[in-house]
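Note sheet for the following structure.
Just so it is clear, none of the values below were taken in a lab; they were calculated from the coordinates. Predicted model only: the values in this text are computed from it and were never measured. A quick note on method: Cβ atoms are made from the backbone with ideal geometry, for glycine too, and the neighbour counts reach across all protein chains shown.
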There are 2 protein chains.
Amino acid sequence: MKQELERLNDEQAVEIFKALSNQTRVSILQMLKDPHSHFSPQAHIIADEGFEGGVCVGDIRSKAGISQSTTSQYLSILLQSGLVEIKRIGQWTYYRRNEETIKKFEKYIGTKI
Amino acid sequence: MKQELERLNDEQAVEIFKALSNQTRVSILQMLKDPHSHFSPQAHIIADEGFEGGVCVGDIRSKAGISQSTTSQYLSILLQSGLVEIKRIGQWTYYRRNEETIKKFEKYIGTKI
DNA sequence: TATTAATATCGGGAATTACCGATTTGGCAT
DNA sequence: ATGCCAAATCGGTAATTCCCGATATTAATA
């Protein structure tokens, strides 16, 4: 869900809380904070293409230690909540944090919670 | 869960995310932010006894529009996560926000997420 | 075209959550 | 003690989430 508005509404915030109510998904978001320190040097991390910091699903999967299908589903949940964004390049799908949403979420916590 | 440490760990944070992954529970926490503006003047809000801002279960229930048992369970979930604290006086049980935990949660979002 | 590799989607069993009404517990007043 | 009231706990059904293996899809490559 692309966030267009200035602030998150309660509904969007609850979606984010749901996305983060699972330790593995929180870990994934944390890994993506600094891909180079969390993934092996040969991991498929994008540095150009206008999608810096994007990591492909397979690398996330092996680091998270869950099945391929679960990885895909978890990333989809994070995507729906707006916490991450996606870019497909060739046969790879890269995910990275959506810092804009995360910033709005932070502001929501500070003002609405 | 009383928070004694300086910072929340991931496990505690996930408990809080779970507690907030329900619109009604988020609403309850929001109501408790300013009880006097959210509850009727005759509502049972504590101003002394060293528990300012505490609201009794029945008043929370009628504002939230859920059953008595659900109200009790939801408050218990919020209590377990540390987001609220409790005080029993006579036959009433008062709940209020635990601002210390909420502050730690805010800090967690800003640094760990 | 056939094969492989990456990811998404499907189908499902087990576990958890949502939410209720009924019952129990504990304090307070008669 | 008896009854009353606030709140917690119990027991249960329906919905949702967890997490997997199997299958489908799509892109690259031989």
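Here are the numbers for this structure:
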read-out: Calculated Rg and Dmax of chain A using C-alpha coordinates, Å; value: 13.9, 42
read-out: Across A:63/B:107; B:63/B:103; A:107/B:103; B:18/B:103; B:33/B:104, pairs whose alpha-carbon gap is larger than 23 Å; value: A:63/B:107; B:63/B:103
read-out: For residue B:52, label point 7 Å along C-beta direction: distances to other copies, nm; value: 4.7
read-out: Cβ-placed point charges (K, R +1; D, E -1), dipole of chain B about Cα centre in debye, nearest 20; value: 260 debye
read-out: Amide H contacts under 5 Å for residue B:94, placed H, 5+ residues apart; value: B:87, B:88, B:89
read-out: Under the span-like rule (Cα at least 18 Å along the axis, Kyte-Doolittle mean at least 1.6), DSSP H helices of chain B; value: none
read-out: Low-density loop positions, GluC sites (Glu not before Pro), the range A:20-113 - DSSP coil, at most 14 other Cβ in 10 Å; value: A:49, A:52
